[in-house]
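K.L.:
Got a structure for you, questions after.
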Amino acid sequence: LRTVTGVQTCALPISNAQQGLRKMDDALLRSLQLMGADRQQQIRMAVLPALLPWLWAALDLGLGLALIGVIISEFISSTRGIGHLIVAASLGFDTTGLIALLLVTMGMVIILRGVLGQLRKRFLPRF
C-alpha cells in the first residue's frame with residue numbers, strides 16, 4: 001500500500017510539471033537564447049519561474065492526497081496509526097473518540113497546510 005501512496009503522490013506533481021512546461025513562454029526562451037544566455041541562465045530565468053507555481057499547486061494537492069492515502073491504507077491493513085484508531089473507535093461505537101480522532105486529523109492537515117503556505121511565501125513571494 002505504500003507503493004500506491006507513493007505513485008498517487010508523485011503522479012500529480014509530474015503531471016503539473018509537464019503542464020507548466022507546456023505553458024512556458026517560448027518567446028522568452030528564444031529571447032534569452034538571442035541574448036546569449038547559457039542553459040543554466042535559461043533555466044533560472046525562464047523555466048523555473050514558469051514551473052514553480054505549477055509544482056507548488058501539485059505539492060499542495062499532493063499533501064492532501066498523501067494523507068488520505070495513508071489514512072485509508074491504515075484503515076485496511078494496519079495495527080497502529082490514526083487510521084487504525086479511527087476504525088477501532090468506529091467499531092467500538094466510541095463516538096467521542098471517533099470525533100476526537102477526526103479533529104486530530106483535521107488539525108494535522110491545517111498545520112501542514114499552514115507550514116506549506118509559509119514555505120510558499122518564503123520561497124515564492126511573487127506567486
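K.L.:
Could you look through the stretch 58-103, keep only residues that are at pLDDT 90 or above and within 28 Å of Arg120 (Cα to Cα), and pick out the one that is most open to solvent (accessible area, probe 1.4 Å)?
P.N.:
Applying the filter and picking the extreme gives Leu103.
K.L.:
With respect to Leu116, is the statement that it is open to solvent by less than 80 Å² (accessible area, probe 1.4 Å), of a type in the set (A, V, I, L, M) and either part of a helix (DSSP H, G or I) or touching a residue at least 24 places away in the same chain (Cβ under 8 Å) (or both) true?
P.N.:
On the way: open to solvent by less than 80 Å² (accessible area, probe 1.4 Å): yes; of a type in the set (A, V, I, L, M): yes; either part of a helix (DSSP H, G or I) or touching a residue at least 24 places away in the same chain (Cβ under 8 Å) (or both): yes.
For Leu116, the condition - open to solvent by less than 80 Å² (accessible area, probe 1.4 Å), of a type in the set (A, V, I, L, M) and either part of a helix (DSSP H, G or I) or touching a residue at least 24 places away in the same chain (Cβ under 8 Å) (or both) - is met.
K.L.:
Let me ask you something else. Look at the stretch 21-78 and say how many of its residues are outside any helix (DSSP H, G or I) and either among the basic types (Lys, Arg) or within 21 Å of Ile110 (Cα to Cα) (or both). Steps first, answer last, please.
P.N.:
Pass one, the stretch 21-78, residues outside any helix (DSSP H, G or I): 23-25, 35-38, 78.
Those still in the list that are either among the basic types (Lys, Arg) or within 21 Å of Ile110 (Cα to Cα) (or both) too: 23.
Total meeting the criteria: 1.
The values are calculated or read from the model by the stated rules, or taken from the named source; none is laboratory data. Computed from a prediction, not measured in an experiment: that's the story for all the values here. All Cβ positions, glycine included, derive from the backbone under ideal geometry; neighbour counts span all protein chains shown. The accessibility values were calculated without ligands, DNA or RNA, using every heavy atom of the protein model including side chains. Shrake-Rupley method; radii C 1.70, N 1.55, O 1.52, S 1.80 Å.
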